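This report concerns only the one structure given below.
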Amino acid sequence: MRRRFLSLFILLFFALPVGISLSGCAKGTSSAFCSGTIGPRVGDPQTITLNPTVGGLSMSYGQTQNVTTPTAVDCKNNTVSISKITYATVDPNNASNVPVADVNPTTGQLCAGTWNRNNPGGVADYTYCTSSGKSGVAELTAAGSGANSNKVLVYVHPLITAITLGTASTDCVNDPATNCPQYTASAVTSASPYVPNTCISFGQSAQLVTRFFAGSQNVTYSAGHATFTAQTAGLLNFEDTSGVATAIAPGTTIVTANIAQSTSTAGLMSVCPPKTITISTANATNGNVIINPNTTEPLTAVVKDVNGVTLTGLTLTVTSTNPIAAPASSSSIAPVFPGVAAINAFCLPPTCNPAPYGNVGLLGTGKPVASNTITSTTPGSNSTRLWVGSTDSQYLVPIDLTTNVIPSPIKLPYTPTSMIMAQNGTTIFMGSPEALMTFGTTNNALLASYPSIQGSLLTVSPDSATAVISDSSRKVITVFNSATPAIVTTYNGVGTRAAYTPDGSTLYVLTTDNHLLVYSAFTSWQNYDLSATGTTDVAVAIPSVGAFVTGNTAVNARSYCPAAGTPTIFYPQAGNLTLSAAVNDRAATTNDGKHLLDVRLATSGGTPVVNDVTFPTSTANDGANGTRTFTGVLPTGDCPEAGVAPVFGLAANTTASTSVTTTSVTGIYPTTDSTQAFTTYLPVSGAASNGAKLPVYSTTGATAGTVTSVTLANGATAPVTGVLSSDNKFFFAGTSGDNQVHQITRSTLTDSTQLNPKLPSLTTTGGTAVPNLLVQYPRSVTNN
């Protein structure tokens, strides 16, 4: 009895926990099922995705192709793995036993024909593919762990030898194309067909109409679907394999198509170019804005294309003609020092509105577009730092006008022949027959010398690092980046004058054989023969829609709007104005874009005359919209249509500087407020040392079109060089005779102060040199 009771107790003791455990297990097990307590479990493959899910695969006869490993998910859409996948192909339209496409069931490798199987001699199965010579469409599937994949269409066809973009087919029986119902059934799209030689606007979509050829045979219906790529990135977005492109930026691009493991150039596609760029600020009135120093004025740009659609997200180039005082960006104008600047925005290829080199001008793409001009004025005054040098001295003298102390001269390794201040004010570039020198303004010390870069310094780029040097001995023009340091490019010849556009993208160089050279990274070097009129000086237009080359008998205007043709003329003539013959002249443009000032000398020892070239009428062809006319300014907006020459209207008011005789004009210096310009020149033999005149030409006001003059302090025989202070308050003239620097007060046109740099002369023992090299940079803002 006791033994039976003990057996029952033991049975109950072990039975109860087991029952509880089973109950708990049942509860946990129910949560492992996708629904309820039976059926598919979480973690079991339920759906297999085999790519591509759109468009299918395209294969030429006998071609093999690896399939992308499929992915699987369970009922909770969690990614799961499958230990074994089996692939299969079927041809639903093939009644024979010869397959269109075959697949290795284990690896998924496709064959456009039939894989080898059960070959004698130990040849492994699925090692070579034999074409059946049949075109058609097979269906590829994958299966594993009880789940099946979607069907992927496999198109098999002859070798495609050509792919073309064209117009929509209107005869789908005899002219198959991708717009036909027989093709679009597997690639439905609502986008309209793209029409070649037209453009689509920003944000719009169009479907490329494509034709696939095997030799002369149109195989579009059996070819499958290509993937498309724009060779120029950033203009178009392509959607999968449907051939639908959406415009995201203006320009023309070559479109390439990839199909059946081969790539082919299919054609061109264009996004409509900008027609207008309108820049503005909240406080501007009639294009003029007053901004205090160290104040940021937000700048906005509205860009519209040829269809009036607003473009956003463009990479515009914003320029300031006085970046020392008023630097500008795509978002603001932020003056640092008092002064005046002309602000413009440009859409410049290749960063904006690009086109392939051979298609520049197509539908207006590949061409620059210029905005209106905003004139930024910053009131106030600033002190100035001057650096004084001479081609007759191996020394440089820095003068800080906040102290008016003339320090001891600093000896240079070589005697400079030319000197230019970088726009950022940190570096002075000096050319010499021995080496290019760079001088730091912060510590007033030599930074570097480059003995391999010899010759005369012609200009320095707005990037403050790139110098252009002409070596007359080696007869080579060098563009040299001192920051790298490295030679950017060279060109054979001897340069005389050069000028950069404010953005630094284009360089104009004149040569001793009367040629105009134009260099940009986009067009490389372009060479234009101007022997008919000669080349004496070059000045960039404001806005920089071109350049003006002054010559012995004329002013030749060059546009930056390419004239399409064979070959394309990238900088065609846009105007030509005959002027009086000259043996020498200097030229400059005003910031307001209304004047080209050319000071020329008919004979050595004669009187210079000022030719104030203005722009009474400028035209640009708008095609169906007619001709745009610009009165008193240079053109803005888009370039003329392909094949239509741009035109700058040119006229001149001529005024003689009767108080001056000279052997050579050395410079013309317009003020940044575009109201006056100072002329410098060399003295004639035996020039008097008292009463020498500094001519001043007025462009506006009651004295517009006339020349007045400043009488220089006794001792000076001629103002040989000059520089304006950034705030426009003073003009500094280096003079011969007394070898000093004269500070001219603009408000009174008086010679108010004389500075004696005492540059040691190389040619006169114990004497001083003529200060004919002069640069300045603002020191600090002072009270008005």
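The values are calculated or read from the model by the stated rules, or taken from the named source; none is laboratory data. This structure is a prediction, so every number in the text was calculated from the model and none was measured. Quick reminder, even Gly has a Cβ in these numbers, built from the backbone with ideal geometry, and neighbours come from all protein chains shown. The protein model used for the area step is the full one, side chains on, heavy atoms only, and it has no ligands, DNA or RNA in it. Shrake-Rupley method; radii C 1.70, N 1.55, O 1.52, S 1.80 Å.
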Task: Residue among Thr536, Thr484, Thr523 that alone is surrounded by fewer than 20 Cβ atoms within 10 Å (Cβ to Cβ) and either within 19 Å of Phe346 (Cβ to Cβ) or in contact (Cβ under 8 Å) with a residue 24 or more places away in the chain (or both) - done: Thr523
Open item on the list: Here is a check on your reading of the model: is Tyr508 of a type in the set (Phe, Trp, Tyr), under 24 Å from Thr671 (Cα atoms) and surrounded by 17 or more Cβ atoms within 10 Å (Cβ to Cβ)?
Closed with: yes
TODO: Could you check segment 97-181 for strands (runs of 3 or more DSSP E) lying wholly inside it with 1 or more residues that are without any contact (Cβ under 8 Å) to a residue 60 or more places away in the chain and open to solvent by 20 Å² or more (accessible area, probe 1.4 Å)?
DONE: 136-144
- [ ] Could you tell me whether any residue of segment 48-58 is assigned to a strand (DSSP E or B), more than 19 Å from Thr107 (Cα to Cα) and touching a residue at least 40 places away in the same chain (Cβ under 8 Å)?
- [x] no
Open item on the list: Here is a check on your reading of the model: is Thr533 more than 18 Å from the chain's Cα centre (by Cα), at pLDDT below 95 and hydroxyl-bearing (Ser, Thr, Tyr)?
Closed with: yes
- [ ] Assess whether Phe630 counts as being free of Cβ contacts under 8 Å to residues at least 60 places away in the same chain, of a type in the set (A, V, I, L, M, F, W, C), open to solvent by less than 10 Å² (accessible area, probe 1.4 Å) and over 25 Å from Phe731 (Cα atoms).
- [x] no
TODO: Pick out the one residue from Thr315, Thr300, Thr321 that is hydroxyl-bearing (Ser, Thr, Tyr) and over 16 Å from Asn372 (Cβ atoms).
DONE: Thr315
- [ ] All but one of (1) under 18 Å from the mean Cα position of the chain (by Cα); (2) at pLDDT below 90; (3) among the aliphatic types (A, V, I, L, M) hold for Ala266, so report the exception by its number.
- [x] (1)
TODO: Taking Gly62 as the residue in question, decide whether it is modelled with pLDDT of 90 or more, surrounded by fewer than 18 Cβ atoms within 10 Å (Cβ to Cβ), assigned to a loop (DSSP other than H, G, I, E, B) and in contact with a strand residue (DSSP E or B) (Cβ under 8 Å, 6 or more places away or on another chain).
DONE: yes
TODO: Hand me the list of strands (runs of 3 or more DSSP E) wholly inside segment 577-640 holding 3 or more residues that are within 30 Å of the chain's Cα centre (by Cα) and modelled with pLDDT of 90 or more.
DONE: 584-589
Open item on the list: For segment 688-702, which positions are in a loop (DSSP other than H, G, I, E, B) and open to solvent by 30 Å² or more (accessible area, probe 1.4 Å)?
Closed with: Ala688, Ser689, Asn690, Gly691, Thr700, Gly701, Ala702
TODO: Output the residues belonging to segment 350-377 that are closer than 22 Å to Thr312 by Cβ and assigned to a loop (DSSP other than H, G, I, E, B).
DONE: Pro350, Thr351, Cys352, Asn353, Pro354, Ala355, Thr365, Gly366, Lys367, Pro368, Asn372
- [ ] Read through the list (1) open to solvent by 20 Å² or more (accessible area, probe 1.4 Å); (2) over 21 Å from Ala769 (Cα atoms), then give the number of the only condition that Ile668 fails.
- [x] (1)
Task: Residue satisfying condition, being open to solvent by 20 Å² or more (accessible area, probe 1.4 Å), over 24 Å from Asn756 (Cβ atoms) and more than 41 Å from the chain's Cα centre (by Cα), within set Thr717, Thr658, Thr711 - done: Thr658
Task: Answer from Ser408, Ser449, Ser456 - the residue that is free of Cβ contacts under 8 Å to residues at least 60 places away in the same chain, open to solvent by 10 Å² or more (accessible area, probe 1.4 Å) and part of a loop (DSSP other than H, G, I, E, B) - done: Ser408
Task: Those residues of segment 69-80 which are in a strand (DSSP E or B) and in contact (Cβ under 8 Å) with a residue 60 or more places away in the chain, in sequence order - done: Ala72
Open item on the list: Quick check on Pro379: is it at pLDDT 95 or above, surrounded by fewer than 18 Cβ atoms within 10 Å (Cβ to Cβ) and not basic (Lys, Arg)?
Closed with: no
Task: Checklist (1) surrounded by 18 or more Cβ atoms within 10 Å (Cβ to Cβ); (2) part of a loop (DSSP other than H, G, I, E, B); (3) of a type outside the set (Lys, Arg) applied to Thr748, failing item - done: (1)
Task: Meets criteria (touching a residue at least 60 places away in the same chain (Cβ under 8 Å), of a type in the set (S, T, N, Q) and in a strand (DSSP E or B)) for Ser83 - done: no
TODO: Quick one: count up the residues across segment 192-232 that are within 18 Å of Val154 (Cα to Cα) and in a loop (DSSP other than H, G, I, E, B).
DONE: 4
Task: Selected residue (only one of Thr256, Thr296 is under 30 Å from Phe238 (Cβ atoms) and surrounded by fewer than 19 Cβ atoms within 10 Å (Cβ to Cβ)) - done: Thr256
Open item on the list: Please determine whether any residue of segment 205-225 is at pLDDT 95 or above and buried (at least 20 other Cβ atoms within 10 Å of the Cβ).
Closed with: no
Open item on the list: I'm told Pro273 meets every condition in (1) modelled with pLDDT of 95 or more; (2) open to solvent by 10 Å² or more (accessible area, probe 1.4 Å); (3) over 30 Å from Ala223 (Cα atoms) except one. Can you identify the failing condition by its number?
Closed with: (2)
- [ ] With respect to Phe337, determine if the residue is closer than 24 Å to Gly546 by Cβ and in contact (Cβ under 8 Å) with a residue 60 or more places away in the chain.
- [x] no
- [ ] State all residues of segment 382-405 that are open to solvent by 30 Å² or more (accessible area, probe 1.4 Å) and among the polar types (S, T, N, Q); if no residue qualifies, say none.
- [x] Thr391, Gln394, Thr402, Thr403, Asn404
Open item on the list: Residues that are without any contact (Cβ under 8 Å) to a residue 12 or more places away in the chain and hydroxyl-bearing (Ser, Thr, Tyr), at least 1 per element: which strands (runs of 3 or more DSSP E) completely within segment 233-320 meet that?
Closed with: 262-271
